[in-house]
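Following: one structure in structure tokens, then a few remarks.
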Amino acid sequence: MDIPKIYNPLEVEDKWYQYWLDHKFFRSVPDEREPYTIVMPPPNVTGVLHMGHMLNNTIQDVLIRRARMLGKNTCWVPGTDHASIATEAKVVALLKEKGINKQDIGREKFLEHAWEWKNKYGNIILDQLKKLGCSCDWDRTRFTMEDDLSDAVIDVFIDLYNKGYIYRGVRMVNWDPAGQTAVSDEEVIHKEVNSRLYFVKYRIQDSDEWITIATTRPETILGDTAVCVHPDDERYKHLHGKKAIIPFVNRVVPIITDTYITIEFGTGALKVTPAHDINDYNIGIKHNLEVVDTINPDGTMSKAAGLYIGEDRFIVRKKIAKDLEEAGFMVKVEEIKNKVGYSERTDAVIEPKLSMQWFLKMDKISKPAYDNVVNGNINLIPEKFINTYKHWMENVHDWCISRQLWWGQQIPAWYNEKGEFVVAKTKEEALIEFKKKNIEVKEDIRQEEDVVDTWFSSWLWPISVFDGFKDKDNVDIKYYYPTNDLVTAPEILFFWVARMIIAGYEYRGDKPFTNVYLTGIVRDKLGRKMSKSLGNSPEPLELIKKYGADGVRIGMLLCSPAGNDIMFDETLCEQGRNFANKIWNAFRLINGWEVSETLKPSDANKISVEWFEVKFNEQLAINNDLYDKYKISEVLMATYKLMWDDFCAWYLEMIKPEFVDGKSLPIDKETYNASIIFFEKLLKVLHPFMPFITEEIYHLYNDRKAMDCIVNSKYPTADKHNKSLLGKFELIQNVVTAVRNIRKEKNISPKESLSLYINIGKMDWDIQFDSIVEKLCNLNEIKIVEHKVDNAASFLIKNFEFFVPIGDKIDKEAEKERLQKDLEYNKGFLNSVMKKLDNEKFVANAKPEIIENEKKKQQDAENKIRVIEEQLNNLN
């Protein structure tokens, strides 16, 4: 077989991915097997693959591929989210480039453009995920605004409204002046910016006295309706019950007290603007304050402001600051840094604003979602996020579910000419509802302009992707729901995960998933969050092109402990590529051996095979436990070591046929077959992480039928094993390493054979490993002695004293210098151990096994010191 010297992922990956698709290995239909289901967190249709997607979907693919190999009926449902704000902003911008205004063409025509854009660009990210190797059931791809899923959203809205959970009212929201819509807390990004703190004095009514407030937003002074101080602040107790006069507008407002105020912050006096700050709004409700809305939806000053009408809020900030100073109201200005909220979609500064919106009451409906996470029915991984979840759910607020957009599911509310409304799916049903409620309708009714929040669509995702609203008893929903694992980011734990749990219990009476694996944020090696705006995020497809999908997957997962941020460095992808090359070279080595039908396995080969079988089974059992704990990164690192170190560096070296006259001798068939079995098992364990190279090699070393692929092969099982053999072999590995180090230190050629003498003392030496040590160290003999050996380099391992006679090759002075350093190190180590054992407090409080371990360290150090001192004496 002509096998290329270098593995080329570009020639392999597209070939095998298409093969898997052609043979429908990812397709799932309900059957008698145990289902294993994941629903993909749907990426925005506006998005392209970024490092967060890479991490998230690689983890999902590892889980789904392993489950498939475990014999489960795996179903990974992909899809995309319509992303109301982002998509609308993108389409508006594209129309603007053509000289078209959204308002001029109207809703229906605008939606035609939006659908045209979606159909052209909306699946780009899913195609990119295929390059990564994601084994989704692509026949099940869903979109949050397709007809059936949109119907589900509308039906749920009507149902919740009829149950009394949904209401309409004026509340404080995050307002995006550029997008002209309310946005959720999750869609607000807080950035630290250079800012100014303005200290402004307000006159006390009927007095010559002033009170000074501090604000970063002086333009909102025009909407102040109170000044608030802490009731215990001695500076202002004489002002309780008095009134202040707002500069320029001369509004007389009360001076109120509230424990919300922080005495130490600023001046300890707070201007209260209920229309433009959520905390001020809450104070306003508590103290029944007037609300003056001074900022228009587009961020300009309203008529209610009385001044600067129609001017942009940030221009007014500069103007009013100057005017306050000229009028004598400005006390001082300080340069500060503070956090400012920006819209994730438009990058406009968020304006807290009172707005008429639709809300979902969250207190009662969220209780099952709280209880079933706290009681462990749904697992958050890692568990540290349970407290975060509890805090959010215990302080849950009503959910603003309306958005002032056209792209999305239009709210099913209908108004008559007086503004009275009913909730119904169609215009015809709405007219019936008006009639039922005896509400007069003289003119044509109109539908609510707003759409629902995108989250109000995606919170139904685990049910709606299986058409669980269209037909609540259909085969798919009964088989696949609840799903098994959800892999997502911690920042949407409340905004999406909690809400899906709420919907699951409300509409299925059951959890939507059992486990929630929370990934960290992908950061660069300097700790900065990766983003294209910072220029510190590599292009994922370029990484795949450079290192192969397998290499990139390894690079991502080598640094990805659950719930912790990922410090990504491109060198990790290079390490992944090198690992692929190592696997390829191991395959080429084994494949190149000549196999003898008559040759019997040597003692070295027999014990080597026995050792690796034990080693593999032990690691597989450990890996299975790590999988159960969702320690995916640790599974990879352990498997990496098993392949690179244990299999390639040790096992293959132990069984590798010798070279004689420039030609490799044959290997016995029994050892060869065992090696092929080991290698195949290793490939299977690696397949979830490295799907492409494992499939390629799986087919290269065996002539397989079309459906016989590693992707659907059986995952190895961990057999019982003799752990004592591993302990014995660890000693042998240390001996081999020590002898090799002596060769290196003494510059002795690997071709020059040496002798090894062992002073075993009262210990037992297992001679079954002698042939391995002789082969790996190129020894002509291993001899048991009861004395020291002169003119020899020596080392101590587990109270065995080893000597490698090297005659005049030894540099006595250099050897004495080395031994002296070892002596000083071991004396220092012994001293640190004795400090612990001599510490009465440590001995009294430490567990018995810890004390025993320290005593063992003491004994080992004392033995090493004794042997080194004897070696120095011999040299002297």
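I need a count of the residues in the range 305-358 that are part of a helix (DSSP H, G or I), open to solvent by less than 30 Å² (accessible area, probe 1.4 Å) and out of contact with any Ser or Thr (no Cβ under 8 Å at 6 or more places or on another chain). Write out each step before concluding.
Of the residues in the range 305-358, the ones part of a helix (DSSP H, G or I) are 305, 313-326.
Still in the running and open to solvent by less than 30 Å² (accessible area, probe 1.4 Å): 305, 313, 316, 320-321, 324.
With the extra rule that they be out of contact with any Ser or Thr (no Cβ under 8 Å at 6 or more places or on another chain), the set shrinks to 316, 320-321, 324.
Number of matching residues: 4.
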Notebook entry, point to check: Of these, Ile261, Ile211, Ile246, which one is at pLDDT below 95, under 50 Å from the mean Cα position of the chain (by Cα) and surrounded by 20 or more Cβ atoms within 10 Å (Cβ to Cβ)?
Noted result: Ile261
Check: Which one of Asp31, Asp104 is in a helix (DSSP H, G or I) and among the acidic types (Asp, Glu)?
Finding: Asp104
Margin query: Can you find, within the range 706-715, the residue that is farthest from Arg68 (Cα to Cα) among those that are in contact with a Lys or Arg (Cβ under 9 Å, 6 or more places away or on another chain) and buried (at least 18 other Cβ atoms within 10 Å of the Cβ)?
Written below: Ile710
Next item on the list: State which residue pairs qualify: first residue on the phi < 0 side of the Ramachandran plot and inside the range 718-742, second residue modelled with pLDDT under 90 and among the basic types (Lys, Arg) in any location, beta carbons under 9 Å apart, and separation of 6 or more residues or different chains.
Entry: Leu731/Lys798; Asn734/Lys798
Checklist line | Cβ pairs under 8 Å, 6+ apart, first in the range 194-207 and in contact (Cβ under 8 Å) with a residue 60 or more places away in the chain and farther than 16 Å from Val227 by Cα, second open to solvent by 20 Å² or more (accessible area, probe 1.4 Å) and assigned to a loop (DSSP other than H, G, I, E, B) | finding: Ser195/Thr216; Arg196/Thr216; Leu197/Thr216; Leu197/Gly266
Check: List pairs: first in the range 329-348 and of a type in the set (Gly, Ala, Ser), second in a loop (DSSP other than H, G, I, E, B) and open to solvent by 40 Å² or more (accessible area, probe 1.4 Å), Cβ under 8 Å, 6+ apart or cross-chain?
Finding: Ser343/Ala178; Ala348/Ala178
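Which of the residues belonging to the range 155-177 are open to solvent by 20 Å² or more (accessible area, probe 1.4 Å) and farther than 30 Å from Thr294 by Cα?
Those that are open to solvent by 20 Å² or more (accessible area, probe 1.4 Å) and farther than 30 Å from Thr294 by Cα: Asp155, Ile158, Asp159, Tyr161, Asn162, Lys163, Gly164, Tyr165.
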Notebook entry, point to check: Among the residues of the range 487-500, which ones are part of a helix (DSSP H, G or I) and open to solvent by less than 10 Å² (accessible area, probe 1.4 Å)?
Noted result: Leu493, Trp496, Val497, Ala498, Met500
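Every residue, every condition in (1) touching a Lys or Arg at 6+ places or on another chain (Cβ under 6 Å); (2) modelled with pLDDT under 95; (3) among the basic types (Lys, Arg); (4) buried (at least 23 other Cβ atoms within 10 Å of the Cβ), yes or no:
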| position | (1), (2), (3), (4) |
| --- | --- |
| Met54 | no, yes, no, yes |
| Asn73 | yes, no, no, no |
| Thr80 | no, no, no, yes |
| Ile85 | yes, yes, no, yes |
| Ala93 | no, yes, no, no |
| Lys96 | no, yes, yes, no |
| Gln103 | no, yes, no, no |
Checklist line | Of residues in the range 108-143 being in contact with a Leu (Cβ under 9 Å, 6 or more places away or on another chain) and open to solvent by less than 10 Å² (accessible area, probe 1.4 Å), the one farthest from Leu21 (Cα to Cα) | finding: Phe110
Next item on the list: Please give the number of the condition His721 fails out of (1) in a helix (DSSP H, G or I); (2) surrounded by 15 or more Cβ atoms within 10 Å (Cβ to Cβ).
Entry: (1)
Margin query: Taking the criterion of being under 26 Å from Val170 (Cα atoms), of a type outside the set (Gly, Ala, Ser) and without any contact (Cβ under 8 Å) to a residue 12 or more places away in the chain, would at least one residue in the range 397-416 satisfy it?
Written below: no
Next item on the list: May I ask you to verify whether Asn162 is in contact (Cβ under 8 Å) with a residue 40 or more places away in the chain and over 29 Å from Thr519 (Cα atoms)?
Entry: yes
Check: Would you pick out the residues in the range 244-261 that are in contact with a Leu (Cβ under 9 Å, 6 or more places away or on another chain) and among the hydroxyl-bearing types (Ser, Thr, Tyr)?
Finding: Tyr260
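Report the residue count in the range 532-551 for those that are part of a helix (DSSP H, G or I), farther than 18 Å from Val685 by Cα and open to solvent by less than 30 Å² (accessible area, probe 1.4 Å). Give the derivation first.
Filtering the range 532-551 for residues part of a helix (DSSP H, G or I) gives 540-551.
Cutting the leftovers down to farther than 18 Å from Val685 by Cα gives us 540-548.
Then drop every residue that is not open to solvent by less than 30 Å² (accessible area, probe 1.4 Å), which leaves 540, 543-544, 547-548.
Count: 5.
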Check: Is it the case that Glu506 is within 26 Å of the chain's Cα centre (by Cα) and surrounded by fewer than 21 Cβ atoms within 10 Å (Cβ to Cβ)?
Finding: no
Notebook entry, point to check: Quick one: which strands (runs of 3 or more DSSP E) sit completely within the range 367-486 and have at least 2 residues that are open to solvent by less than 10 Å² (accessible area, probe 1.4 Å) and of a type outside the set (Val, Ile, Thr)?
Noted result: 413-415
Checklist line | Lone qualifier among Thr259, Thr225, Thr215, Thr181 - being closer than 17 Å to Asp280 by Cα and either in contact (Cβ under 8 Å) with a residue 60 or more places away in the chain or among the aromatic types (Phe, Trp, Tyr) (or both) | finding: Thr225
Notebook entry, point to check: If Thr571 passes every condition in (1) open to solvent by 60 Å² or more (accessible area, probe 1.4 Å); (2) among the hydroxyl-bearing types (Ser, Thr, Tyr); (3) touching a residue at least 24 places away in the same chain (Cβ under 8 Å) but one, which one does it miss?
Noted result: (3)
Item checked: Unmet criterion (only one of (1) farther than 21 Å from Val153 by Cα; (2) within 23 Å of the chain's Cα centre (by Cα); (3) of a type outside the set (Lys, Arg)) for Ala369 -> (1)
Next item on the list: Please go through the range 434-470 and pick out each residue that is at pLDDT 95 or above, over 30 Å from Tyr480 (Cβ atoms) and among the acidic types (Asp, Glu).
Entry: Glu448, Glu449, Asp450
Checklist line | Answer residue from the range 474-495, given it is of a type outside the set (Val, Ile, Thr) and at pLDDT below 95 and is nearest to Met145 (Cα to Cα) among those | finding: Phe495
Check: Tell me, which residue of the range 668-688 that is open to solvent by less than 20 Å² (accessible area, probe 1.4 Å) and touching a Ser or Thr at 6+ places or on another chain (Cβ under 7 Å) is nearest to Lys15 (Cα to Cα)?
Finding: His687
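The values are calculated or read from the model by the stated rules, or taken from the named source; none is laboratory data. Everything quoted here is computed from the prediction, not taken from an experiment. Glycine also receives a Cβ, built like all others from the backbone with ideal geometry; neighbour counts cover every protein chain displayed. Side chains included, ligands, DNA and RNA excluded: accessible areas come from the protein's heavy atoms. Shrake-Rupley method; radii C 1.70, N 1.55, O 1.52, S 1.80 Å.
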